[in-house]
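Chemist: Shown below is the structure under consideration.
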Amino acid sequence: MSPRSIRRAHARRITRAQRQTVLRRRRLLAAGVVGAALLAPGAAQAHDFVVTQSTDPAPYDVCDTNCTLRDAIDLSNTNGEDDTITFASTVTAAAAAKDADGTSKTTKATITLKRKR
């Protein structure tokens, strides 16, 4: 082999090694980004809970068609966001509020739970 061909072969080996190093770094970076995205927690979202039962039989920790105030508060405590608890119009309290003239009044009650940051 001539000195010129030896230099060219050496230059090709160096270029190939540099290309492989760049590709290896790109793969590691891509794997790191994908891994971080998979391990990152999902964003918490605020929820609106509607209390549909005035009784409190047993905690179910589910607010579907039968949602008690306890269930709504328990579920709200598992979420890190500000949640709203609203009482359905069918939910009545044991002691109804009375106006000055003695007639009962109904109001729509809403509880907003704010989180300390």
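Here, each number is a calculation from the coordinates, and none is a lab measurement. These numbers come from a predicted model, not from an experiment. Please note: Cβ atoms are built from the backbone with ideal geometry, for glycine as well, and neighbour counts cover all protein chains shown.
Chemist: At 7 Å along the Cα-to-beta-carbon direction for both Thr55 and Ile14, put a label point, then send me their distance in nm to one decimal.
Modeler: Computed distance between label sites Thr55 and Ile14 equals 8.6 nm.
Chemist: Based on the Kirkwood radius over alpha-carbon pairs, what is the Stokes-Einstein translational diffusion coefficient of segment 1-40 at 10 °C with 1.306 mPa s viscosity, in µm²/s?
Modeler: Estimated diffusion coefficient is 129 µm²/s.
Chemist: Say R0 is 30 Å: what FRET efficiency, to the nearest 0.05, do Leu38 and Val62 get from their beta-carbon distance?
Modeler: 0.60
Chemist: Then there's this: Among Val22, Ala37, Ser2, which residue has its Cα positioned farthest towards the positive end of the charge dipole of segment 1-40, with +1 placed on the Cβ of Lys and Arg, -1 on the Cβ of Asp and Glu, and the dipole taken about the Cα centre?
Modeler: Ser2
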